[in-house]
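Structure record follows, encoded as structure tokens.
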Amino acid sequence: MTPDIERELRLRTLAGVSERRNRPMRYIIFAGALLLIACVFTAVSVSGAREARARLERQADQHAEVIRLVNEIETIRTAGRRTDLAERYPPEPGLLGKLESIHQRLGLDNAPTLTESRPTPLRLDSPFRARSVRARLSDLPLSQAMLWINEAQTSIPGLRVSSVDFRPTPQGWIVEVNLTRWELQS
């Protein structure tokens, strides 16, 4: 080997070493890892913020419902002082009969199955009690079931829907409705 070739090889080797030193590979890897960690942290933070927002919305809905119920109770208390409670919340002795007759009035195919639970007082010293009726509408189109629920609330003063459960069947829908009516104890 000649000295020129030897010197050229040595210069090429030194140039390669120098070039590798000038490439900040570890800085690039560090910056990439830092970017990846930041992306993961951002994704976790966004997910947590969405969950917190959903919890906040649920709490706001519950708060609005509680405020509505408190206002309704205050209205009842105020009305009790101003008007005759027997006029405002009279007992409904024919409640089940009225509910049973609704399907005939509307011309629905199937009659509802009605079950009344034992009336519960608001408090031991309260003159009010809640009458609860569970109505099961079987194998009806959903529109007819909703029509029955609307007619029940419209035709019986003070009747409220406390819950509704819908289940599809091959023949239509099974709709279970819990209805509640507050009235004076007799």
Qualifying position, being part of a helix (DSSP H, G or I), modelled with pLDDT of 75 or more, closer than 30 Å to E151 by Cα and among the aliphatic types (A, V, I, L, M), among I28, I73, I5: I73
Can you say whether R129 is over 25 Å from the mean Cα position of the chain (by Cα), part of a loop (DSSP other than H, G, I, E, B) and either basic (K, R) or modelled with pLDDT of 90 or more (or both), as far as the supplied structure shows? no
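Taking region 105-120, which residues are of a type in the set (K, R) and under 15 Å from G94 (Cα atoms)? Don't jump to the end; show me each part of the working.
So the first thing to find is which residues in region 105-120 are of a type in the set (K, R), and the list is 105, 118.
If the condition is that a residue be of a type in the set (K, R) and under 15 Å from G94 (Cα atoms), then no residue fits.
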Working only within region 79-126, note down all residues that are exposed (fewer than 15 other Cβ atoms within 10 Å of the Cβ), at pLDDT 85 or above and in contact with a Phe, Trp or Tyr (Cβ under 9 Å, 6 or more places away or on another chain). L106
Of all residues in region 132-145, which are assigned to a helix (DSSP H, G or I) and surrounded by 17 or more Cβ atoms within 10 Å (Cβ to Cβ)? Q144, A145
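The values are calculated or read from the model by the stated rules, or taken from the named source; none is laboratory data. Remember, predicted model here, so these are calculated numbers, not experimental data. Because the Cβ atoms are built from the backbone with ideal geometry, glycine has one as well, and the counts that use them run over all protein chains shown.
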